[in-house]
Structure formats: C-alpha cells, structure tokens
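Engineer: The following block contains the structure, expressed as structure tokens.
Please treat every number below as a calculation from the coordinates, not as lab data. Just so you know, these numbers come straight off a predicted model, no measurement behind them. Every residue, glycine among them, receives a Cβ derived from its backbone with ideal geometry; neighbour counts consider all protein chains shown.
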Amino acid sequence: MSKKLLKNAYVLISADDDVEKFDILIDKDEIEDLLTPGDSTTVDLGDVDEYDLSGKLIVPGFI
C-alpha cells in the first residue's frame, strides 16, 4: 500500500506561519494533499494506512 494518512498533526509550514492542524495525505512518498481535520472522512481516499499524530508537530526539514 502506497498511500498514508497522517491524521490530527500540527503543521508548521514556514517560520512566518502559524501552527495549524491538518490531515496529510501521502502517496508514493510525496505529499499529495493537506486536509483540514474531518475532511478526510468526507472524501473517498481509497485504501490508506492511517496514523494518528495527535499532539505531534510536523516541521519543514532543516537546511
């Protein structure tokens, strides 16, 4: 299975943005979509592995 759904994650997109909560859909190791929590239950995502990231923060890679 190549699709993964990271649910309820806090995401910092850039240093100038606020931290927001998103569900992140990953397909073949690439981010396919950012969904607001709850939207992933209303959209047919097909067969995905789901991971609950409640209380976790996702940040861009450090360079």
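Engineer: For the chain, what is the relative contact order in percent, using Cα pairs closer than 8 Å and at least 6 residues apart in sequence?
Structural biologist: Answer for the chain is 45 percent.
Engineer: For the chain, take the convex hull of the Cα atoms, compute a quarter of its surface area, and give me that in nm², please.
Structural biologist: Values: hull surface 18.5 nm².
Mean shadow area of the hull around the Cα atoms is 4.6 nm².
Engineer: Same structure again: Within a Cβ distance under 13 Å of Ile26, other residues only, what is the Lys/Arg minus Asp/Glu net charge?
Structural biologist: Residues close to Ile26 contribute a combined charge of -4.
Engineer: Let me ask something else. Would you mind calculating the gained length between Asn8 and Ile58 on full extension (0.36 nm times residue separation, minus the Cα-Cα distance), in nm to one decimal?
Structural biologist: Working: separation 50, 0.36 × 50 = 18.00 nm, distance 1.06 nm.
Full extension of this stretch gives 16.9 nm more.
Engineer: Still on this structure, please answer the following. What chymotrypsin sites (Phe, Trp or Tyr not before Pro) in the chain are in a loop by DSSP, with at most 10 other Cβ atoms within 10 Å of the Cβ?
Structural biologist: Phe62
Engineer: Run the quick spin-label model on Leu34 and Glu20: label points 7 Å from Cα toward the beta carbon, then report their separation in nm to one decimal.
Structural biologist: In this crude spin-label approximation the distance works out to 0.6 nm.
Engineer: Here's another thing I want to ask about it. Under a GNM of the chain (C-alpha, springs under 10 Å), which listed residue has the highest mean-square fluctuation: Leu34, Leu45, Leu25?
Structural biologist: Leu45
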